[in-house]
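I have placed the structure first, in the form of structure tokens, so that the comments after it can refer back to it.
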Amino acid sequence: MIVAPEHLVIAPVVLPLVAGALLLFFDDRERLLKATVSILTTVALLAISVVLLLTAHADGEAGAGRIAVYLLGNWPPPFAIVLVLDRLSAMMLVLAAALAIPALVFAIGRWQKAGPHFHTLFLLLLMGLNGAFLTGDLFNLFVFFEVMLAASYGLALHGSGTQRVRAGMHYIAINLAASLLFLIGVSLIYGVTGTLNMADLILRIPAVPAESRMMLEAGAAILGVAFLIKAGMWPLSFWLPTMYMAAPAPVAAIFAIMSKVGVYVILRLSLLFSAAGMPEGPSSFGWQLLFLGGVATIAFGAIGVLASQALGRLAGYSVLVSSGTLLAAIGLSQTGVTAGALFYLVSSTLAISAFFLLVELVERGQDAIANVLAVTQEAFGEGEDDEEMEPEVGVTIPGTLAVLGISFGLCGVLLAGLPPLPGFLAKFAMLSAMFNPQGLGEGGAIGSASWWLAALLILSGLSALIAMSRAGIRTFWAPVDAVVPRVLLIEIVPVGALLAMTLALTVQAGPVMRFMEATAEGLHQPWSYVEKVMEQPRATGREGMR
Amino acid sequence: MELVLALGIGVLTGSGVWLLLRPRTYQVIIGLALLSYAVNLFIFSMGRQLKVGAAPVVAAGAEIDPLAFADPVPQALVLTAIVIGFATTALFLVVLLAARGLTGTDHVDGREPER
């Protein structure tokens, strides 16, 4: 197995920062140069992330994995900031880079011309994402969150326009308020425990005196609200569909992972805290809140998917369904379900990202208002029934539309969770873990929560299927005099690449699922993580320069 | 001193939240600014103890009395939070002006409510 040199851990943060800053020196007219540099950077990022993933997974399937700790200031661990690489963070790094490349390639077609500094902002967003995945320090997490958000504000407004600015204003206001909650939560936790290091926190929480316990719990709750706003849990999610719909397509494609950052932090922190006995037992308030919130989000998202008239909004609500599924699965707090949820995280993020790119291509050919009218007509039964329909014999579907239609169908299959694509496999993994809490065929009591979630998972798939087939028929089959959208090859290839990645997930489902199980195992038993971080020796003298 | 600080944070937060919920964009941004002041003071108060005249960095070699020095971590946190808060507020101000120009109104929804 490949073992990465120790300084590689910080490369996912430094590389996009340097490349992004470098691009500021060039005029925006040098588009080819800028696009080349940023795509090369993301390709390098992908390569580094894959190496890091192999490093983290080095011990094979059984072991705890290799946890790499990078001491930024070379202080002994409870002090100063550490970066920690484990299976989960490595997986998120790979996912971020895998989304970034298609989004950037797509942007070459037209979006990079829509406004200044597209590539710099994009790379800084990646830097914030990667930093948030790697850091092992609560306040450092805040800083990387802000880097990511600041870049996302710029990207969300990229291309300007009334709708975008209006949605962007709400997005910024909500996120600024959420950041303040984040700060309050972090400082409360610091005030009680006297540390910001996540691993050290776990060691100190059991020693917190009973009278300060309340403060600590309040701090954790406020911190949780900040992340739930980012993850889009109902009722904190009304900003999300409008915002994602208004954002430019390649930006929306990378935003698909931004809501997952909130989920990632919640997954990591809730399991770390529970190891320290903070939500006591699986039926305590915190887990229940996550579960119920997730269930409510799935329901809200599924209804939204059914009610959406524009494709972009449909995609936005799919993000909510995906977030809700993850939160509810985390709320069940079972290792097997978490493993399935991680698989679902990867597959649904890829699917939604591809869908956002595709929506923009499809909608190029048509009028958005005509779309809304079509749905209204369907609902009220005032179709064109009385019109004399010419018998169409052998209507030829233009090549572009055929490719778009096939991709659209694949997205629908992915979002609805039908076989053979990984949307199905992920849901199946979650359901099977829910109904076999003691392991396959071992029996064990199935809680009512599992039944609820299983029913909702299947119903949300059905709603996605209905909405997607309705939208697909209306877009690709119904219009007789369809205007074929002008689509560049460079814009359809990224969609294909994202879909091919999901296909690869199906083909390699066995190894991927084993990796997810090992990851979930490590998350539910975080003591090796804590030990590794706390016992990381300082690099000394020449040895440190190795 | 605790009482003064607590009252100050309370007043700032209260006014901030009220302004944040107002319909005009300018009120929202002032509300956010007030809230961020409140949060910065709050972080300060979360240090080990509120002290005046205590040094955050102890001289090398001197005898260290943990009761006589101020916690430096909240100060570093506040400094970071101020810088980030300032930058994002400035960015929000630009968006606010753009929205005013594009929609022709300073209502947060981009259109006046129907009366």
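Each of A:H7, A:H524 was scored by other Cβ atoms within 10 Å of its Cβ. Listed from fewest to most, they are A:H7, A:H524.
Per-residue Cβ neighbour counts within 10 Å put A:D137, A:D86 in the sequence A:D137, A:D86, beginning with the fewest. Rounded to the nearest 20 debye, the dipole size of chain A about its Cα centre is 1320 debye, using +1 on the Cβ of Lys and Arg and -1 on the Cβ of Asp and Glu.
Net charge in the neighbourhood of A:M258 (other residues with Cβ under 15 Å of its Cβ; Lys, Arg +1, Asp, Glu -1) is +1. Taking each residue as 0.36 nm, the span from A:A207 to A:E531 lengthens on full extension beyond its C-alpha to C-alpha distance by 114.9 nm. Mean residue ellipticity, 222 nm, helices only, chain A: the sum of -39500 (n - 2.57) across DSSP H runs of n ≥ 4, divided by residue count and rounded to 500, is -24000 deg cm²/dmol. Say the dipole of chain A comes from +1 at the beta carbon of Lys and Arg and -1 at that of Asp and Glu; which of A:L431, A:G412, A:L46 then lies farthest toward its positive end? The Cα lying farthest towards the positive end belongs to A:L46. Within the protein assembly as shown, the ratio Rg/Rh, alpha carbon atoms throughout and Rh by Kirkwood, equals 0.97.
Distance from the C-alpha centroid of the range B:7-26 to that of the range A:240-276: 28 Å, rounded to the whole angstrom. So if I average 1/r over every pair of distinct C-alpha atoms in the range A:36-188 and take the inverse, what Kirkwood radius in Å does that give? Its Kirkwood hydrodynamic radius stands at 17.2 Å. If the segment from A:V14 to A:A402 were pulled out straight at 0.36 nm per residue, it would be longer than the present Cα-Cα gap by 135.5 nm. Go through A:A249, A:L134, B:P74 and say which Cα lies farthest out towards the positive end of the charge dipole of the protein assembly as shown; charges sit on Cβ, +1 for Lys and Arg, -1 for Asp and Glu. Working it through, the farthest residue towards the positive pole turns out to be B:P74. Measuring max minus min along each principal axis, the C-alpha atoms of the range A:209-275 give extents of 51, 21, 13 Å (largest first). Structural size metrics of chain B, computed from C-alpha coordinates, are Rg and Dmax of 19.6, 72 Å.
Take each residue of peptide A:161-169, count the partner chain Cβ atoms within 10 Å of its Cβ, and average: the result is 5.
Charge dipole of the range B:4-115 (Cα centre as origin; +1 on each Lys and Arg Cβ, -1 on each Asp and Glu Cβ, all else neutral): 300 debye, rounded to the nearest 20.
Counting every other Cβ atom within 10 Å of each residue's Cβ, A:L415, A:L410 order from fewest to most as A:L410, A:L415. Projected label points at A:A478 and B:S15, each 7 Å from Cα along the beta carbon direction, are separated by 5.4 nanometres. Between the range B:53-97 and the range A:127-191, the alpha-carbon centres lie 20 Å apart. Backbone phi angles across the range A:291-300, fed through the Karplus curve with coefficients 6.51, -1.76 and 1.60 (θ = phi - 60°), yield HN-Hα couplings of 5, 5, x, x, 4, 4, 5, 4, 4, 4 Hz in residue order; Gly and Pro are listed as x. Cα centroid separation, the range A:8-58 to the range A:496-514: 24 Å. In the protein assembly as shown, taking the dipole from charged Cβ atoms about the Cα centre, the farthest positive-side position among A:A354, A:M91, A:S308 is held by A:M91.
Since every read-out is calculated from the coordinates, none of them should be taken as a lab result. Just so it is clear, the model here is predicted, and its values are computed rather than measured. Neighbour counts are summed over all protein chains in view; Cβ atoms, including those assigned to glycine, are modelled from backbone coordinates with ideal geometry.
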